[in-house]
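**Q** Before anything else, here's the structure in question.
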Amino acid sequence: TGHKGRYGHEFFRFEIDKYGTLKYANNSNYRRDSIIQKTLQLSPTLINEIQRIIEDSEIMHEDSSKWPHQDENGRLQLEIEMNGQSINIETAKISSLADTLSTEDPEGLRVLYYLIQDFKCLILSIISLHFKIKPIA
């Protein structure tokens, strides 16, 4: 998720590959901060939990065709390849749950919003515990 604002291109990104490698990047140019990048290996138990979160969210069954396109506030992108299925979603940045209410598919965007919040919480907790830093999100 990210946007281009008065501090330039700011974003929060993470990627988990099929081998369990987590790549994390957080770019905030506020006060001329530099990009934070970390890489670590996730345990099979944690990978199974992430898969369970995805399955329980039912995001793989959502249709994003009625979701708003990215705008000047930024974009949110989610790509998942799991169990032979794949989705690639790109929509306007969702800053709060209220942003989903005035759309054509508030229920689908609510599913996406909560999934992203769950991922952010989990990933930031892992990064914080593993590296003992306080990432900005």
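**Q** Inspect all residues belonging to the range 45-64 and state whether any of them is without any contact (Cβ under 8 Å) to a residue 40 or more places away in the chain and assigned to a loop (DSSP other than H, G, I, E, B).
**A** no
**Q** As an exercise: evaluate GLN51 against (1) farther than 30 Å from LEU129 by Cα; (2) surrounded by 13 or more Cβ atoms within 10 Å (Cβ to Cβ) and give the number of the one condition it does not meet.
**A** Of (1) farther than 30 Å from LEU129 by Cα; (2) surrounded by 13 or more Cβ atoms within 10 Å (Cβ to Cβ), only one is false for GLN51: (1).
**Q** Step by step: first the residues of the range 69-89, then only those that are open to solvent by less than 70 Å² (accessible area, probe 1.4 Å) and under 12 Å from the mean Cα position of the chain (by Cα), then the one that is farthest from PHE14 (Cα to Cα). Which residue is that?
**A** For the range 69-89, the residue satisfying everything is ILE89.
**Q** OK, next. Which residues, taken from the range 119-137, are under 14 Å from the mean Cα position of the chain (by Cα) and either at pLDDT 95 or above or not in a helix (DSSP H, G or I) (or both)?
**A** Scanning the range 119-137 gives ILE136, ALA137.
**Q** Sort through SER57, SER43, SER34 and tell me the only one that's surrounded by 13 or more Cβ atoms within 10 Å (Cβ to Cβ) and either touching a strand residue (DSSP E or B) at 6+ places or on another chain (Cβ under 6 Å) or of a type in the set (Gly, Ala, Ser) (or both).
**A** SER57 is the lone residue from the list that is surrounded by 13 or more Cβ atoms within 10 Å (Cβ to Cβ) and either touching a strand residue (DSSP E or B) at 6+ places or on another chain (Cβ under 6 Å) or of a type in the set (Gly, Ala, Ser) (or both).
**Q** Taking the criterion of being part of a helix (DSSP H, G or I) and not charged (D, E, K, R), would at least one residue in the range 68-90 satisfy it?
**A** Checked the range 68-90: no residue is part of a helix (DSSP H, G or I) and not charged (D, E, K, R).
**Q** Scan the range 3-17 and give yes if some residue there is modelled with pLDDT of 90 or more and either within 22 Å of ASP99 (Cβ to Cβ) or more than 14 Å from the chain's Cα centre (by Cα) (or both), otherwise no.
**A** Yes: one or more hits.
**Q** Let me ask another. Is at least one residue of the range 107-123 touching a residue at least 40 places away in the same chain (Cβ under 8 Å), open to solvent by less than 90 Å² (accessible area, probe 1.4 Å), farther than 21 Å from ARG52 by Cβ and not hydrophobic (A, V, I, L, M, F, W, C)?
**A** For the range 107-123, residues touching a residue at least 40 places away in the same chain (Cβ under 8 Å), open to solvent by less than 90 Å² (accessible area, probe 1.4 Å), farther than 21 Å from ARG52 by Cβ and not hydrophobic (A, V, I, L, M, F, W, C): absent.
**Q** Report the residue count in the range 103-122 for those that are more than 11 Å from SER57 (Cα to Cα) and out of contact with any Leu (no Cβ under 7 Å at 6 or more places or on another chain).
**A** Here the count works out to 10.
**Q** Under the condition of being surrounded by 13 or more Cβ atoms within 10 Å (Cβ to Cβ) and of a type in the set (Ser, Thr, Tyr), which residue from the range 90-103 is farthest from ARG13 (Cα to Cα)?
**A** THR103
**Q** Among THR39, THR100, which is at pLDDT 90 or above, polar (S, T, N, Q), part of a strand (DSSP E or B) and at negative phi?
**A** Going through THR39, THR100 in turn, the sole match is THR39.
The values are calculated or read from the model by the stated rules, or taken from the named source; none is laboratory data. Because the structure is a prediction, the values reported are computed rather than measured. Backbone-built Cβ (ideal geometry, glycine too); neighbour counts: all protein chains shown. The accessibility values were calculated without ligands, DNA or RNA, using every heavy atom of the protein model including side chains. Shrake-Rupley method; radii C 1.70, N 1.55, O 1.52, S 1.80 Å.
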